[in-house]
Amino acid sequence: MKKLSLFLIVASILIFLGCSSDDGPTVVADTVSPTAPANLIVSNITGTSALLSWDAATDNVAVTSYQVYQGTTLIETNVTATSFTPSDLTEESSYSYYVTALDAAGNESSASNTASFTTQVAPLVFEPTLSEMGVFSGNLADLNPADGVQLFELNSALFTDYAVKQRLIRLPNGQAMRYDTSDLFPKFPDNTLMAKTFYYALDETNPTSEKQIIETRISIKGNGVWSMRTYIWNQDQTDAVYDEQGSSLAVSYTDATGTLQNIDYVIPTEMDCITCHSNSNTVTPIGPKLRNWNFIPSFTNQNQLDYFASLGILDGVNSSNVSVLPDWTDINLDILDRGRAYIDINCAHCHQPGGEVTNFGLDFRLETAFDDSGIYANRGEIEVRVQSNVPTYRMPQIGRSVVHDEGVTMLLEYLDALD
């Protein structure tokens, strides 16, 4: 039995040697994987790209390349450096990556650590034409807001030569305005865009009247600072072009009583805009205060603040905790409330601490106590100036070329009630 076993062993060896002599030496398969890449980090994050970098393997297995995975999807198979720049990413989007190593035999290491990040928002810029700003969709003259652009209204609005105004706001994707225990402005995130378009219905007695669109003013917040530009519409009403010089335009339209009105509409210069929108050398909006949004607008049957909260574009607010700027046109309200509301929205942006006009010591803001506002002491001056149409004397001096008859009638009643 032992002899038989020995014979089989020897036979096996001879067979092995015989095969080796015919086919050459046997190669032992390489089954040892490299170690995983370490310390994967992300840097240079922009709106559409980022830089991935990692430490090379330090064991004895020679690494020939690396593979990059986005999520669980292999996106690159032959990276020879220890860095990689994924491109064609989407702004404000979240991504995760990991990396593996390959040796010459094709053995793949285990995964590196996972690196996750969110791409940035590319800063908004003012384009040469309104159509490039992405505010409207379809035929521009229809003034249909684009996706993600929200209509808003004001309870009391600034008078501008009887022009109709459409007000829009667009917030960065996934972000919201924030209520911060104040009843003035919400906290607007960077890359907020607001658009205000001025137009006339050429026949106000006809609900389907053709419009004459004059201008669209765009405001953008970037790096915590507001910037404003004006786009003037062309005669064909197909687009509007950025213009900082301002101009005037003769407009004729039929008002709601059937009377023909002629307006010499003044488009403000860029400096005019800054004059009204500047406080302590900081550009700021005028109308969209929380208290001026605290009412039910025409486009929804819900309080506007609560409506914005339901859309996820306004956080931390409850309309019951915010004061209200009265609607000065509401004849059912106390005349004292109506008068203060009108002066607040039409005059206070200049007549307040830090405003353009500070030499008279006036503070027309609604939140200022009446005795500290200076309204009573200057009521005679106010009465004359709101009825004047002299450019250097009228009040306001910028933004109107005609007297606001309805506003003046109410203001005279208000000023008379102060005696």
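The per residue volume of the convex hull around the alpha-carbon atoms of the range 307-348 is 113 Å³. Residue by residue, the range 291-308 carries 3J(HN,Hα) couplings of 5, 8, 9, 8, 6, 8, x, 6, 8, 7, 8, 10, 3, 4, 4, 5, 5, 4 Hz when phi is fed to the Karplus relation 6.51 cos²θ - 1.76 cosθ + 1.60 (θ = phi - 60°); x denotes Gly or Pro.
Across the range 132-142, rounded Karplus estimates of 3J(HN,Hα) from the backbone phi angles (6.51 cos²θ - 1.76 cosθ + 1.60, θ = phi - 60°) give 7, 7, x, 7, 10, 10, x, 4, 4, 5, 6 Hz, Gly and Pro being marked x.
Only one residue of SER94, ALA195, THR31 has its Cα farthest out toward the positive end of the dipole of the chain, where Lys and Arg carry +1 and Asp and Glu -1 on Cβ, and that residue is THR31.
Can you pull the Rg over Rh of the chain, Cα-only, Kirkwood? Value, to two decimals: 1.30.
With a cap of 11 neighbouring Cβ atoms within 10 Å, and only residues DSSP puts in a loop, list the trypsin sites (Lys or Arg not before Pro) found in the range 256-360. Let's see the in-between values first.
Details: sites: LYS289, ARG291, ARG338, ARG340; in loops: LYS289.
Listed in order of number, the matching sites amount to none.
Under 5 Å between amide hydrogens, built in the peptide plane, is the criterion, and for THR254 it picks out ASP203, GLU204, GLN261 among residues at least 5 positions away or on other chains.
Is the shape of the range 297-390 rounded, prolate or oblate, going by the alpha carbon gyration tensor and its root eigenvalues a ≥ b ≥ c, with a/c under 1.5 for rounded and a/b larger than b/c for prolate?
Values: a/c = 2.43, a/b = 1.90, b/c = 1.28.
Prolate shape, in that a/c is at least 1.5 and a/b is the bigger ratio.
Seen from VAL408, the other residues with C-beta closer than 15 Å to its C-beta sum to a net charge of -2, counting Lys and Arg as +1 and Asp and Glu as -1. Legend: calculated FRET efficiency, LEU74 to PHE299, from the Cβ-Cβ distance at R0 = 30 Å, rounded to 0.05, equals 0.05. Amide H contacts of THR64: LEU102, ASP103, ALA104, each under 5 Å away and 5 or more positions distant or on a separate chain (H built 1.01 Å from N in the peptide plane; Pro and chain starts excluded). Taking all protein chains as shown and a probe of 1.4 angstrom, THR238 keeps an accessible surface of around 80 Å².
Here the dipole of the range 136-249 is about 480 debye; that uses its Cα centre as origin and unit charges on the Cβ of Lys and Arg (positive) and Asp and Glu (negative). Across q = 0.14, 0.18, 0.20 Å⁻¹, the range 195-289 modelled as identical point scatterers on its alpha-carbon atoms has Debye log10 I(q)/I(0) values of -0.61, -0.90, -1.01, in the order of the q list. Remark on GLN70: its backbone amide H falls under 5 Å from those of ILE75, a criterion applied only to residues 5 or more positions apart or on other chains, H modelled at 1.01 Å from N.
Any number yet on Rg/Rh for the range 99-199, C-alpha, Kirkwood?
On the way: Rg = 22.6 Å, Rh = 17.9 Å.
Here Rg/Rh amounts to 1.26.
What does DSSP give for the chain in terms of the percent of beta bridges that are antiparallel, rounded to the nearest 5? All intermediate terms of the calculation are to be shown ahead of the outcome.
Numbers: 67 of 70 bridges.
Of the beta bridges lying entirely in the chain, close to 95 percent run antiparallel.
Each semi-axis of the equivalent ellipsoid for the range 74-128 is √(5λ) with λ an eigenvalue of the Cα gyration tensor; in descending order they amount to 33, 13, 7 Å. Taking θ as phi - 60° and the Karplus parameters 6.51, -1.76 and 1.60, the scalar couplings of the range 269-281 work out to 6, 4, 5, 4, 4, 5, 4, 7, 9, 10, 9, 6, 6 Hz in sequence order, x denoting glycine and proline. Per the Debye calculation on the range 358-415 with a single equal scatterer at every Cα and no solvent contribution, log₁₀ I(q)/I(0) for q = 0.15, 0.19, 0.25 Å⁻¹ amounts to -0.47, -0.74, -1.14. A dipole drawn for the chain from +1 and -1 charges on Cβ atoms has a positive end, and of PRO268, VAL79, GLN235 the residue lying farthest that way is VAL79. Just checking the listed ones, PHE152, PHE126, PHE117: in the Gaussian network model of the chain with Cα springs under 10 Å, the one fluctuating most is PHE117. Size descriptors for the range 170-220: radius of gyration and Dmax over Cα atoms are 16.4, 44 Å.
For the range 281-343, what is the per residue volume of the convex hull drawn over the alpha-carbon atoms, in cubic angstrom?
Numbers: hull volume 8.1 nm³, N = 63.
So the per-residue hull volume is 128 Å³.
Evaluated with a Cβ-only charge set (Lys, Arg +1; Asp, Glu -1), the chain carries a dipole of roughly 1120 debye about its Cα centre, given to the nearest 20. Can you list, bin by bin at 5 Å, the percent of alpha carbon pairs in the range 181-250, starting at 0? It works out to 3, 13, 19, 17, 15, 12, 10, 7, 2, 0, in whole percents. In the chain, the longest principal axis of the Cα atoms and the axis of helix 335-347 are about 60 degrees apart. Using the Cβ-Cβ distance between ASP203 and GLN150 with R0 = 22 Å, the FRET efficiency computed as 1/(1 + (r/R0)^6) comes to roughly 0.15. Which length gain, in nm to one decimal place, applies between GLU92 and SER323 when the Cα-Cα distance is subtracted from 0.36 nm times their residue separation? Additional length available on full extension: 79.7 nm. Once the C-beta distance of VAL402 and ASP190 is scaled by a Förster radius of 35 Å, the resulting FRET efficiency is 0.40 to the nearest 0.05. Relative to one another, the C-alpha centroids of the range 366-415 and the range 196-233 are positioned 25 Å apart.
Using only the C-alpha atoms, the convex hull of the range 49-94 corresponds to 90 Å³ per residue.
The values are calculated or read from the model by the stated rules, or taken from the named source; none is laboratory data. Since the structure is predicted, the reported quantities are computational estimates derived from the model, not experimental observations. Don't worry about glycine lacking a Cβ; one is built from the backbone with ideal geometry, like all the others, and counts go over all protein chains shown. Heavy atoms of the whole protein, side chains included, go into the accessibility calculation; ligands, DNA and RNA do not. Shrake-Rupley method; radii C 1.70, N 1.55, O 1.52, S 1.80 Å.
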